[in-house]
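The structure appears below as structure tokens.
The values are calculated or read from the model by the stated rules, or taken from the named source; none is laboratory data. Keep in mind that what you see is a predicted model, and the values were worked out from it rather than measured. Every residue, glycine as well, gets a Cβ built from its backbone with ideal geometry; the counts of neighbours run over all protein chains shown.
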Ligand code: ATP
Ligand code: MG
């Protein structure tokens, strides 16, 4: 019978995943390895009814692409926690809910791009957030983080927070770039998992049908 293993360290990879790409997957795997994390939970954001989100792909498509991309990794899971919540989602609410679900003894690592650390101080209840979970700020090799490191050391000292840095290899990939490539009829093969490419094709996401021949349509 399938037995749920006890989780001691949980990493959280939040994002719009519109679409999920190998940058997200390599990052999650690197965090899993470097921090000895038991599980990485991918948390696709909801689809708040903002004007700025009008072009965002529906939550269900983004969720399913995330499931397809992570299915083969036994340490990766996907959560519907944000896509099922009404209205605007705040990270603090998600973290608190995950703490309730997984229990107080689980150490949480919230993964984010290094640039976002600048913005964290502006987040809702940031000091509480920084107290209740660790942060992993990911950078690409060559990223100049001297200035950021100083800020983070200051933060860690002042608030006794746990903000870590982690360099992730070779990934000048973003979802916006993938959407742009599709628009320009450029290949996205190997930038996203094959299952995700097939899903995009099947549902003509991001106007992928422009790539198809008359026979394939
Ligand atoms: P977009 O271009 O639409 O902003 P994105 O590629 O940044 O999309 P998101 O879903 O916004 O993807 O990102 C989710 C998380 O993954 C964020 O914390 C982001 O910083 C991180 N991330 C995105 N791309 C990479 C990458 N290539 N390497 C490492 N981390 C990444
Ligand atoms: Mg982004």
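Numbers for the structure displayed
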item: Matching helices (runs of 4 or more DSSP H) fully within the range 105-173 where at least 3 residues are within 16 Å of ligand 2 (Cβ to nearest atom); result: 114-120
item: Selection status of residue 101, under 19 Å from residue 13 (Cβ atoms), assigned to a helix (DSSP H, G or I) and at pLDDT 80 or above; result: yes
item: The listed residue being more than 24 Å from residue 32 (Cβ to Cβ) and modelled with pLDDT of 95 or more, out of 188, 178; result: 188
item: Of residues in the range 30-46 being touching a residue at least 40 places away in the same chain (Cβ under 8 Å) and under 12 Å from residue 94 (Cβ atoms), the one nearest to ligand 2 (Cβ to nearest atom); result: 45
item: Sole exception among (1) within 16 Å of ligand 2 (Cβ to nearest atom); (2) under 27 Å from residue 200 (Cβ atoms); (3) in contact (Cβ under 8 Å) with a residue 40 or more places away in the chain for residue 64, by number; result: (1)
item: Qualifying residue in the range 174-190 (condition: more than 10 Å from ligand 1 (Cβ to nearest atom), buried (at least 16 other Cβ atoms within 10 Å of the Cβ), under 25 Å from residue 29 (Cα atoms) and touching a residue at least 24 places away in the same chain (Cβ under 8 Å)); result: no
item: Check on residue 23, under 11 Å from the mean Cα position of the chain (by Cα) and either assigned to a helix (DSSP H, G or I) or within 15 Å of ligand 1 (Cβ to nearest atom) (or both); result: yes
item: Residue in the range 179-202 that is in contact with a strand residue (DSSP E or B) (Cβ under 8 Å, 6 or more places away or on another chain), farther than 19 Å from residue 44 by Cβ and within 16 Å of ligand 2 (Cβ to nearest atom) present; result: no
item: Subset of the range 174-185 [farther than 20 Å from residue 112 by Cβ and in a loop (DSSP other than H, G, I, E, B)]; result: 184, 185
